[in-house]
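Undergrad: The structure's right below; bear with me while I get my questions together.
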Amino acid sequence: MTDDTGRRLTRDELAAAHGYNRTALERLWADRANNGHPDAHRDGRTLTWDAAEWAAWDRDRQNLITGAEFARLLGHKDSSWVSKAATVPPEGFPAPADWGDPENRRRPKWRRSDAQHYADNRTPSLPPTGAGNRAGSRRGTSYTDDPRLALARQVLADHPDERPARHIERLHQLMPGSSASTWTKILQAARQPEQD
């Protein structure tokens, strides 16, 4: 591997060195406000880029993962939780490094290293999917042995006069990852008397 420190490359040289076609590089340059593309230097009518800076930027950009890949790192079967967390992040959740649709803040992407760090260091807050019992099951109250049920009971005890919507909001802040309809069911179960 050569040392590219201080070396400047034209667009055609970048294309040859990194396996892109000229059109792809022109698109990346045109979207530089959103993708962080390195600045160019103008040599007459020709644009040139610092070879080492451009290569580092391209490595970071190619090392981005989608919400589906991030979800797999976290053990989720679908990416809906990750997509929600991109806009309303729980504590420690990494900010997206890029958006596929930046204008509408859709299709977020994360640096693989940030996503892996979060996956490795987060405190598991949810049981595996299907850990709760269905309502009316023989084991009694729905969500028996589910930590969300204990949390819902605590929120109801601490804030008995609040509306259910506010309870759900509190629960989502304390333990993100469940939908409002799931929290509604858990709150209904939490209002039932505990059975021995």
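The values are calculated or read from the model by the stated rules, or taken from the named source; none is laboratory data. Bear in mind that the values here come from a model prediction, so they are computed numbers and not experimental data. Every residue, glycine as well, gets a Cβ built from its backbone with ideal geometry; the counts of neighbours run over all protein chains shown. Protein only, heavy atoms only, side chains kept; ligands, DNA and RNA dropped before computing areas. Shrake-Rupley method; radii C 1.70, N 1.55, O 1.52, S 1.80 Å.
To keep it simple, each residue is scored yes or no on (1) surrounded by 17 or more Cβ atoms within 10 Å (Cβ to Cβ); (2) in a helix (DSSP H, G or I).
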{"residue": "ALA17", "(1), (2)": "no, yes"}
{"residue": "LEU25", "(1), (2)": "yes, yes"}
{"residue": "ASN34", "(1), (2)": "no, yes"}
{"residue": "THR48", "(1), (2)": "yes, no"}
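Undergrad: Being within 30 Å of PRO193 (Cα to Cα), at pLDDT 80 or above and open to solvent by less than 30 Å² (accessible area, probe 1.4 Å): is that true of VAL82 here?
TA: For VAL82, the condition - within 30 Å of PRO193 (Cα to Cα), at pLDDT 80 or above and open to solvent by less than 30 Å² (accessible area, probe 1.4 Å) - is not met.
Undergrad: So if I check each of ASP43, ASP114, ASP39, which one is of a type outside the set (Val, Ile, Thr) and open to solvent by 80 Å² or more (accessible area, probe 1.4 Å)?
TA: None of the others qualify; the one that does is ASP39.
Undergrad: Then there is this: Picking from ALA97, ALA68, which residue would you name as being under 30 Å from LEU171 (Cβ atoms), under 28 Å from the mean Cα position of the chain (by Cα) and surrounded by 18 or more Cβ atoms within 10 Å (Cβ to Cβ)? Working first, answer last.
TA: Working: ALA68 fails: surrounded by 18 or more Cβ atoms within 10 Å (Cβ to Cβ).
Only one candidate passes the filter, namely ALA97.
Undergrad: While we're on this one: How many residues are part of a loop (DSSP other than H, G, I, E, B) and open to solvent by 20 Å² or more (accessible area, probe 1.4 Å) when one looks only at segment 177-188?
TA: Pass one, segment 177-188, residues part of a loop (DSSP other than H, G, I, E, B): 177-179.
With open to solvent by 20 Å² or more (accessible area, probe 1.4 Å) added as a condition, the list becomes 177, 179.
Matching residues across segment 177-188 total 2.
Undergrad: If ALA56 satisfies every condition in (1) loosely packed, with under 14 Cβ neighbours inside 10 Å; (2) in a loop (DSSP other than H, G, I, E, B); (3) not polar (S, T, N, Q) but one, which is the exception?
TA: For ALA56, the exception is condition (2).
Undergrad: Give me the pairs: first residue in segment 31-48 and within 21 Å of ASP98 (Cα to Cα), second residue aliphatic (A, V, I, L, M), beta-carbon distance under 7 Å, and six or more apart or on different chains, which are they?
TA: The qualifying pairs are ASN35/LEU28; HIS37/LEU28; ALA40/LEU47.
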